[in-house]
Amino acid sequence: MMFTCTTPACTDLGHGHGFAAARKGYAAAVPARRRPVSSKLVRDRKGRKLRIDIHCHYLNRDAAAKLAHLNPAQYEPSVKYASALTREVNVKQMQDRAAMLSTIEVRLKDMDRMGIDIQAVSPAPQQTYYWTEPGLGAEVSRMVNDRLAEIVAKWPDRFVGLGTVPLQNVELAVIELDRCVKQLGLRGVEINPNVAGKELTDPGLNLDRFFAKARELDIVIFMHPIGFTQGDRLMDHYLNNVIGNPLDTTVGTSHLIFGGVMERHPGLKIVLPHAGGFLGHYWARMDHAWRARPDCRTVIRKPPTSYLKKFFFDTITFDPEMLRNLIDKFGAAQVLLGTDYPFDMGEEDPVGLINSVPRLPSAEKERIMGGNAARLLKIRR
């Protein structure tokens with residue numbers, strides 16, 4: 001079955017059409033706020049405490065337009081496994097937030113309002129384009145990465161870049177990763193938890209070469225989902241985002257752990273969005289399985305959480321006590337401020353959320369708000 005846009009006037013920017021209508025709709029939309037937004041910025045030029053957003057997205061309109069004729073929606077779980085109402089709401093969201101996704105001047109105003117000094121800006125999650133033929137995937141990856149580098153060059157005090165690579169072909173992925181870092185100055189890459197439905201540990205992909213190169217270059221890997229790939233039961237109520245996104249992160253991370261990627265490549269800097277999916281909050285079950293069953297010990301030599309503790313987690317929990325539990329388990333050094341800007345499932349007041357966490361010392365707040373990200377991304381001011 002081919003899945004296409006739900007209306008002839010679709011304004012989903014990720015599909016490369018309807019830009020004018022989407023931009024027109026932006027001015028009329030004001031997202032709802034749950035809490036008053038913290039507006040104070042820390043701006044001490046001599047050793048200031050930076051607030052850095054590890055989880056935010058930019059949509060490259062030219063890349064989307066280049067692939068629009070191939071009907072990208074048919075390959076996207078977030079579209080395939082969505083009800084008509086969900087697709088309608090998503091189209092409206094893209095209308096309302098078009099300028100936030102692609103216009104830097106709008107983004108800067110929002111960053112100031114939210115109290116964010118620097119964004120580690122990554123592609124819109126669907127702009128990995130793993131479903132494309134490898135050569136085309138590499139070409140579009142270069143387009144996306146070149147534009148991110150331009151943004152960073154123009155506003156170096158406000159942005160660092162996390163690019164994309166064509167994981168459908170590991171040789172091309174390694175070449176583009178090397179270019180991202182050494183030529184463009186990007187600080188890492190965004191990947192999805194699977195490659196067009198194949199696990200990151202699939203032998204046919206041979207992605208150990210990619211992970212080895214990422215470790216060699218000492219860059220950040222930001223692993224962001226695009227909906228669950230077997231989402232037939234998640235069609236209604238936006239469940240393929242509400243449940244499917246953290247589920248896909250959980251499955252992808254579990255393969256990296258149980259498949260030995262974290263054991264073979266110690267020191268990988270992988271950031272998990274949405275507070276680590278479900279693993280960040282139900283980790284004990286996999287440790288129990290590792291102790292109880294030999295089929296859970298075919299590769300790794302240590303309990304799974306010993307590897308999970310090496311990952312990093314953003315703060316998108318929407319609840320101070322849940323964030324408190326994440327910090328208690330994995331440590332303040334592993335947690336980074338995130339917003340998921342500019343999507344409606346993001347955190348509007350990340351600073352306020354962190355400040356509301358009970359019993360959190362000021363020094364740990366500062367690390368979570370920016371110190372950890374500055375270290376990982378090698379941001380020095």
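The values are calculated or read from the model by the stated rules, or taken from the named source; none is laboratory data. A quick note: this is a predicted structure, and the numbers were derived from the prediction, not measured. Quick reminder, even Gly has a Cβ in these numbers, built from the backbone with ideal geometry, and neighbours come from all protein chains shown. Note: accessible area is taken over every heavy atom of the protein model, side chains too, but ligands, DNA and RNA are not part of it. Shrake-Rupley method; radii C 1.70, N 1.55, O 1.52, S 1.80 Å.
Side notes on the structure shown:
- Complete set of residues in region 99-135 that are among the small types (G, A, S) and closer than 24 Å to I354 by Cα: G115, A120, S122
- Region 197-215, residues that are surrounded by 17 or more Cβ atoms within 10 Å (Cβ to Cβ), part of a helix (DSSP H, G or I) and touching an Asp or Glu at 6+ places or on another chain (Cβ under 9 Å): K213
- For first residues located in region 95-120 and at pLDDT 95 or above and in a strand (DSSP E or B), partners that are open to solvent by less than 10 Å² (accessible area, probe 1.4 Å) and not basic (K, R) and lie 6+ apart or on another chain with Cβ distances below 6 Å form the pairs I118/I52; Q119/D53; Q119/C56; Q119/F159; A120/I54; A120/V160; A120/L162; A120/L377.
- Residue match in region 318-325 (condition: under 21 Å from the mean Cα position of the chain (by Cα), within 19 Å of M369 (Cβ to Cβ) and part of a loop (DSSP other than H, G, I, E, B)): yes
- Residues (open to solvent by less than 10 Å² (accessible area, probe 1.4 Å) and over 18 Å from the mean Cα position of the chain (by Cα)) located in region 115-131: G115, D117
- When region 334-378 is limited to residues that are of a type in the set (S, T, Y) and part of a loop (DSSP other than H, G, I, E, B), the one that is most open to solvent (accessible area, probe 1.4 Å) turns out to be S356.
- Restricting attention to region 136-171, the residues being in contact with a strand residue (DSSP E or B) (Cβ under 7 Å, 6 or more places away or on another chain), free of Cβ contacts under 8 Å to residues at least 40 places away in the same chain and in a loop (DSSP other than H, G, I, E, B) number 1.
- Looking only at region 268-282, and only at residues there that are in a helix (DSSP H, G or I) and open to solvent by 20 Å² or more (accessible area, probe 1.4 Å), the one that is nearest to I327 (Cα to Cα): H281
- Any hit, region 313-329, residues being open to solvent by 80 Å² or more (accessible area, probe 1.4 Å), modelled with pLDDT of 95 or more and touching a Pro at 6+ places or on another chain (Cβ under 8 Å): yes
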